[in-house]
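The values are calculated or read from the model by the stated rules, or taken from the named source; none is laboratory data. Owing to the predicted nature of the structure, the values given are computational and were not obtained by experimental measurement. So basically every Cβ, Gly included, is an ideal-geometry build from the backbone, and we count neighbours across all protein chains shown. Accessible surface areas use protein heavy atoms only, side chains included; no ligands, DNA or RNA. Shrake-Rupley method; radii C 1.70, N 1.55, O 1.52, S 1.80 Å.
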Amino acid sequence: MTPNSISRLAFALVLGALLGAVFGAALRQPVAGAATGALAGVLLSMVVDTRRGLRLLDWLRGPQQTDAPRDQGFWGELAYRIERTLRQKEVAVGHERERLAQFLAAIEASPNGVMLLDANDQIEWCNTVAAQHFGLDPTRDRLQRVTNLVRSPLFVAYLQSGVFEEPVTFAGPAGRSTVSLMVRPYGEGMKLLLSQDITERERAEAMRRDFVANVSHEIRTPLTVLAGFVETLASLPLTEPERQRVLHLMGQQTNRMQALVGDLLMLAQLEGSPRPGADRWLGLTLLLQRSLADAVALSAGRHTVTLREGPELEVAGVESELLSAVGNLLANAVRYTPDGGRIELAWSLLEDGRGAIEVNDTGLGIAREHLPRLTERFYRVDGSRSRDTGGTGLGLSIVKHVIQRHGGEIDIQSEPGKGSTFRLLLPGLRVRLAERALSARAEAAA
Ligand code: ADP
């Protein structure tokens with residue numbers, strides 16, 4: 001009991017005794033009156049204390065959203081101290097909650113999947129990325145056993161094996177992706193699962209393997225042929241015309257390898273160099289005239305090759321790359337158009353400001369199903385025709401690279417037996433009317 005309460009009790013006792021004695025004296029019973037008065041004083045004081053105690057208990061039983069009862073004395077101080085302790089704890093819990101939320105937000109922002117499992121492999125928490133990797137719902141699936149939800153046998157076996165030195169790779173939801181998973185045990189039987197979507201990496205790796213296999217195959221074929229000719233020359237007594245024929249065929253194979261290596265180097269250079277700046281302007285007319293002259297030479301009079309001139313334009317880009325792209329399109333048109341066919345090179349400025357360079361031919365055309373894959377490396381519609389005419393299978397992939405590096409795109413329209421149109425579309429900020437064309441327009445307007 002606090003001194004305050006004791007003095008209140010003593011005060012009630014003394015006041016009760018005095019009042020009791022006064023009333024008792026009137027009844028000629030001063031001692032009994034004083035005793036009764038003292039007892040009544042003590043009882044009254046106890047009733048007041050009990051009421052205050054009950055009020056505090058009521059407050060404690062509730063949510064403590066209002067202030068604690070502000071009584072005087074013992075109960076007042078007790079309520080004040082309890083309330084102060086509770087408020088301090090609330091503030092500390094608030095800080096902890098905030099820190100936890102920040103921590104979870106940081107994990108949520110991670111590009112990798114993070115999942116926490118308890119000792120029974122039940123999901124404690126997972127971020128959105130992990131939910132995507134495993135095909136889960138982060139809220140609905142909480143506290144579910146993960147092996148009931150993720151059914152991949154590889155995943156289940158890995159988790160149950162308890163051996164987590166190496167990561168495991170398994171198919172993501174609906175088999176559309178490949179996920180790599182690492183497990184780190186912590187605490188008492190709990191697990192931290194770290195997942196990563198490696199679909200792109202796997203695809204790039206498969207492409208790299210295919211590419212190396214393709215290149216090896218493309219080089220091995222002419223090399224085998226060359227080796228055979230060398231052996232023939234070395235071991236057989238050939239007549240002069242036979243020798244000339246063998247040398248001619250050897251020359252063809254050497255050219256084929258040279259073309260292949262040239263295209264490979266071009267691709268490597270395109271992939272390894274930064275995007276061309278948009279501030280080096282070239283005259284388009286001259287560039288296309290040079291390409292056309294090469295095509296005329298390649299056709300050697302077998303086709304009608306024409307140039308349909310458009311407005312005088314300038315293009316911001318790399319001359320050698322653009323020459324290579326247009327040169328590849330024209331060479332294809334020559335190679336895939338039977339003798340007597342027509343080939344036309346044209347350019348224009350589209351209404352939306354883009355520039356278009358177009359190669360039309362009346363050649364073999366391409367069936368619709370091949371169109372989406374045409375710009376893949378080594379993709380050929382007709383392998384033997386491509387090789388017989390000196391194709392490497394890399395031409396259109398070089399064209400696509402070049403045009404994409406210039407911010408543009410390639411559009412292919414073709415119909416088997418009728419011919420093809422390959423269009424290179426350059427973005428407006430890389431195409432402008434040449435000075436001369438501009439002043440001619442201004443004069444005409446004046
Ligand atoms: P290739 O060296 O085989 O010509 P490309 O990448 O240049 O390789 O072309 C891929 C394939 O697209 C060719 O093998 C050919 O089948 C087809 N192709 C390309 N241009 C034409 C065209 N103008 N007409 C018909 N088919 C074409």
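Under Stokes-Einstein, with the Kirkwood radius over Cα pairs as Rh, the value for the chain at 20 °C and 1.002 mPa s is 68 µm²/s. For the chain, the relative contact order works out to 9 percent when only alpha carbon pairs closer than 8 Å and six or more residues apart are counted. Near residue 350, the amide H atoms lying under 5 Å from its own belong to 355, 356; only residues 5 or more places off or on other chains count, and H is placed 1.01 Å from N. Once backbone amide H atoms are built at 1.01 Å from N, residue 307 has 345 as its partners under 5 Å, excluding neighbours fewer than 5 places away on the same chain. For region 317-324, 3J(HN,Hα) computed residue by residue from phi via the Karplus equation (6.51, -1.76, 1.60; θ = phi - 60°) reads x, 9, 4, 4, 5, 5, 4, 5 Hz, glycine and proline entered as x. Under a Cβ-Cβ cut-off of 15 Å, what is the net charge of the residues other than residue 418 that fall near it, where Lys and Arg count +1 and Asp and Glu count -1? Local charge sum for residue 418: -1. Between residue 421 and residue 163, the FRET efficiency estimated from the beta carbon spacing at R0 = 56 angstrom works out to 0.40. If the reach is capped at under 25 angstrom between alpha carbons, list the lysines near residue 400, excluding any in the same chain fewer than eight residues apart. The qualifying lysines are 418. For residue 222, neighbours were defined as the other residues whose beta-carbon sits under 13 Å from its Cβ, and their charges (Lys and Arg +1, Asp and Glu -1) total +1. Couplings for region 32-41, taken from phi via the Karplus curve 6.51 cos²θ - 1.76 cosθ + 1.60 with θ = phi - 60°, read 4, x, 5, 5, 4, x, 4, 4, 4, x Hz in order; Gly and Pro are left as x. 3J(HN,Hα) along region 144-152: 8, 6, 5, 6, 7, 9, 9, 9, 4 Hz, from the Karplus curve 6.51 cos²θ - 1.76 cosθ + 1.60 with θ = phi - 60°, whole Hz, x for Gly and Pro. Counting only protein chain heavy atoms and rolling a 1.4 Å probe, the accessible areas of 219, 343, 6 rank, largest first, as 6, 219, 343. Short-range pairs are left out: with C-alpha atoms under 8 Å and at least six residues apart, the relative contact order of region 3-87 is 24 percent.
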